[in-house]
Structures are given as C-alpha cells and as structure tokens.
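Colleague: Quick one: the structure is below, questions incoming.
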Amino acid sequence: MRFNRLRTWFSNPAAHADWTIRAGETCANAPFVFPTDGYIGFIWGDSFRPGHRHQGLDIFGGEAAGVTPVVAAYSGYVSRLPDWKSSLIIRLPEDPLQPGRQIWTYYTHMADADGGSYISPEYPPGTSEVYVEAGTPLGYQGNYSGDPDNPTGVHLHFSIVLDDGQGSFRNELEMRNTLDPSPYFNLPLNAELNQGEVPVCRE
Ligand SMILES: [Zn+2]
C-alpha cells in the first residue's frame, strides 16, 4: 500500500501537497518539529522485504537531490563520525517524553549518489557535540545509498535511537534500538497501527 502511494507521489508531488509536512512545523503540542519537507512515505515498522522492519521515517521531498532542507527536530548536540558521508546524529540529554533518559535523533541520506555530502559545512566529518536549537539547518535531502549505481529515491531517513547507557548510541539499524516516533510528532507513524492513513496533521 505505501509502495503504491509513494509511486503516486513521485509521479506528481505537486498534485499531492496535502500529503506533506513542512520543516520546522509541529502537530499540536508535539515535542519535535518536522525535520524536513515532504511526504512521509515509509513509517516505523514498515517491511521492505521478509524479516526486515524499518527503524525510522522516510520523508520524500519530491525535489532533486541537494534541494530540500533538513533541520534539527529537537535541540541537542550534533556529532558526525569521521567516515559518515550522509549522516548526522544529535544527542538529546533529556528525552522530552521520558525525562531522565538520554536519546538520539539520526538523520541520513544527506549526500548524492557518489557520496558528495549535502551536510552543512558547519558539521564536517569528525564533528563532535556541537549544540544546535530545534529548527537549525543541517543540510539537504539526498539519494546516497552506498552504491552509486543504485541510488535511493531522494529522501531523509530519520530515526530516534536509544542510548547504550555509556554515553553513546545503539546500532540504529536494529529496530529494537529505536523508538516509535508517533508521540514525538503527534502523528500515526507506527506501521502496526497505521495501515493506510497518510501521516499528516489533522485539525
Ligand atoms: Zn529509511
């Protein structure tokens, strides 16, 4: 279902403006602002192949790579590992929904198919613990997949990652190390619960 709707979106994004979120906006009293513009094509728990479950959100801007801005969803401390071409992670010392625990927000696919980064020059590889406010520009959506011959569709992958208890983040690739983003955005972003609704703010 979400595959088919994504195809419809890509065929004419302008015709489906009512499916989109806008960077920096929030739904109701959600703690997080939206980290980019576009259609949330895949949500937390979606399965792309047997045995796989998606750990985050894929937000498709509907524009070329390097065009659609990405911003911080919540204030925190930006780090970028030395070998990260397309990714940033932001440490949130206090989970706004569970004070007392530290969590992380992860942003990726911010590079072109060949690995040319679209991350803002303020955050070069090796960046550690740079404070940013919610809404601060981080870079632009890209299509980097690691394989130049098979880039992804242009999007931002965003996820909320658990702390390892020793001041670092757990492996984001494992679903069990991530959190359901629904309450952080006040949107139906859990695939088990949302079978077919477009995740946008309702009046
Ligand atoms: Zn993704």
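The values are calculated or read from the model by the stated rules, or taken from the named source; none is laboratory data. Treat the numbers as computed from the prediction; the structure is a model and nothing was measured. Glycine also receives a Cβ, built like all others from the backbone with ideal geometry; neighbour counts cover every protein chain displayed. Ligands, DNA and RNA are stripped out before the accessible areas are found, and what is left, the full protein with its side chains, is counted by its heavy atoms. Shrake-Rupley method; radii C 1.70, N 1.55, O 1.52, S 1.80 Å.
Colleague: If I ask for residues that are touching a His at 6+ places or on another chain (Cβ under 8 Å), open to solvent by 30 Å² or more (accessible area, probe 1.4 Å) and among the hydrophobic types (A, V, I, L, M, F, W, C), which ones from the stretch 1-34 would you list?
Modeller: Of everything in the stretch 1-34, nothing turns out to be touching a His at 6+ places or on another chain (Cβ under 8 Å), open to solvent by 30 Å² or more (accessible area, probe 1.4 Å) and among the hydrophobic types (A, V, I, L, M, F, W, C).
A quick yes/no check of all residues on (1) touching a residue at least 24 places away in the same chain (Cβ under 8 Å); (2) farther than 24 Å from G51 by Cα; (3) touching a Lys or Arg at 6+ places or on another chain (Cβ under 7 Å); (4) loosely packed, with under 14 Cβ neighbours inside 10 Å:
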| position | (1), (2), (3), (4) |
| --- | --- |
| V130 | yes, yes, no, no |
| T136 | yes, yes, no, no |
| Q141 | yes, yes, no, no |
| N150 | no, no, no, yes |
| V161 | yes, no, yes, no |
| L173 | yes, no, no, yes |
| N186 | yes, yes, no, no |
| A191 | yes, no, no, no |
| V200 | yes, yes, no, no |
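Colleague: Oh, and also: Answer yes or no as to whether P82 is farther than 23 Å from P199 by Cβ, open to solvent by 40 Å² or more (accessible area, probe 1.4 Å) and modelled with pLDDT of 95 or more.
Modeller: Answer is yes for this residue.
Colleague: While we're here: Output the residue which, of all residues in the stretch 35-56 that are within 17 Å of R7 (Cα to Cα) and open to solvent by 10 Å² or more (accessible area, probe 1.4 Å), is farthest from the ligand (Cβ to nearest atom).
Modeller: S47
Colleague: Report yes if I59 is open to solvent by less than 10 Å² (accessible area, probe 1.4 Å) and either among the polar types (S, T, N, Q) or under 19 Å from R202 (Cα atoms) (or both), otherwise no.
Modeller: In short, yes.
Colleague: If you check A73, A64, which single one turns out to be at pLDDT 95 or above and within 16 Å of the ligand (Cβ to nearest atom)?
Modeller: The unique qualifying residue is A73.
Colleague: Give me the residue from the stretch 87-101 that is in a strand (DSSP E or B) and in contact (Cβ under 8 Å) with a residue 24 or more places away in the chain and, out of that set, farthest from T127 (Cα to Cα).
Modeller: Looking at residues that are in a strand (DSSP E or B) and in contact (Cβ under 8 Å) with a residue 24 or more places away in the chain, I get R91.
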